[in-house]
Structures are given as structure tokens and as C-alpha cells.
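The values are calculated or read from the model by the stated rules, or taken from the named source; none is laboratory data. No experiment lies behind these values; they were computed from the predicted model shown. Neighbour counts run over all protein chains shown; Cβ positions are idealised from the backbone, glycine included.
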Amino acid sequence: MKNLLSALLLFSILFTVGCDDDDATATEDASLVGTWELTSGTIVIHSTPEETVTFTPPEVSNTLVLADDGSYAENGTFEGEIQTFSGTWSATDNVLTFVVTSGTEIDETETWLNNYTLSGDVLTLVAEEAGDEEEDAVTITLVYARQ
């Protein structure tokens, strides 16, 4: 379970769900610009039986900064381990894309895709990770508050 939650911090933390080529039509949504603080998270492991893990600060912390120039920075902690990431972000339709160019345990550029909703000052990110023969499918939901 610790590895699963650590992977969660690598996501976003997030949030590592899929890779895709850069989308030339992606834009930076001005309503997303700002500093976001994690308020809660849920991991649903689609196994038999299904397992749900819920966490809140200070157990897990994460601050996400989405700049108006399309850059982003993220830092968080899990079980006392500090994780940091940076790169660029864009939003197209309801998908928030992070192109991670540096960070904890990042050896090469990675692209993280997250479905998102924005309701006032609450940003919700949902990442779906498909399962395979060795791992169950996982849904990660992260809720942030604008600071």
C-alpha cells in the first residue's frame, strides 16, 4: 500500500495515468492559475473485493502551483518523505495535462493526464490507471482548495 500511495505523490502527485503526445491545441485555463493545497484524497483499488483508501493532511500534503505562463511546480510529503516535481501544464476540455520535466524519481520527461472539475475554489483531479496481469486498476481522486 505504501508503494501505491508513494506513486500517488509521483502523479501530480500526482496522478500518473497515461502518456500522450503533446496536444498543439492545449491551452492554459486562466481559472486554474494559482496555488492549490490538497484537502483530501481517495484511492479506489478495483480488486475483488474493492478496496478504498482515504487520506487527508497532515498524513499526506501536496501543494500545486499552476502559473499563468504554463509552468507548474509541486511539492508534497508522504510519511515524512518530501517529493517535488516541475514542468508545464495545460488544460483541454476537462483534461489537465502535466508534462513533468524534473522531480523526485523522474529520470525522463513524463506526461500525466487527469480529468478535472473546478467548482469555485475547489479543484478535483481524477486519474484512472488501467490494471494488468500484475496490478489492479486504480482510480485516484484528489481534492484541492485554492490558496
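Per the conditions (1) surrounded by 17 or more Cβ atoms within 10 Å (Cβ to Cβ); (2) modelled with pLDDT of 95 or more, the sole criterion not satisfied by SER71 is (1).
Scanning segment 56-68 for residues that are in contact with a helix residue (DSSP H, G or I) (Cβ under 8 Å, 6 or more places away or on another chain) and crowded, with 16+ Cβ neighbours inside 10 Å yields VAL60, ASN62, LEU66.
State yes or no: is LEU118 at pLDDT 95 or above and crowded, with 20+ Cβ neighbours inside 10 Å? Here the answer is no, as LEU118 does not meet what is asked.
For segment 71-126, the tally of residues that are farther than 17 Å from VAL143 by Cα and of a type in the set (S, T, N, Q) stands at 12. Is one or more of the residues making up segment 2-19 in a loop (DSSP other than H, G, I, E, B), at pLDDT 90 or above and aliphatic (A, V, I, L, M)? There is no residue in segment 2-19 that is in a loop (DSSP other than H, G, I, E, B), at pLDDT 90 or above and aliphatic (A, V, I, L, M). For segment 78-109, a residue qualifies if it is closer than 23 Å to PHE55 by Cβ and in a strand (DSSP E or B), and the qualifying residues are PHE78, GLU81, ILE82, GLN83, THR84, PHE85, LEU96, PHE98, VAL100, GLY103.
Just to check your reading of the model, which residue among VAL53, VAL44, VAL65 is in contact with a Gly (Cβ under 9 Å, 6 or more places away or on another chain), outside any loop (DSSP other than H, G, I, E, B), in contact (Cβ under 8 Å) with a residue 24 or more places away in the chain and closer than 14 Å to LEU142 by Cα? Only one candidate qualifies: VAL53. Of everything in segment 122-146 that is of a type in the set (Asp, Glu) and touching a residue at least 60 places away in the same chain (Cβ under 8 Å), the residue that is nearest to THR35 (Cα to Cα) is GLU128. Taken as a whole, segment 113-121 holds at least one residue that is in contact (Cβ under 8 Å) with a residue 40 or more places away in the chain, assigned to a strand (DSSP E or B) and touching a Gly at 6+ places or on another chain (Cβ under 9 Å).
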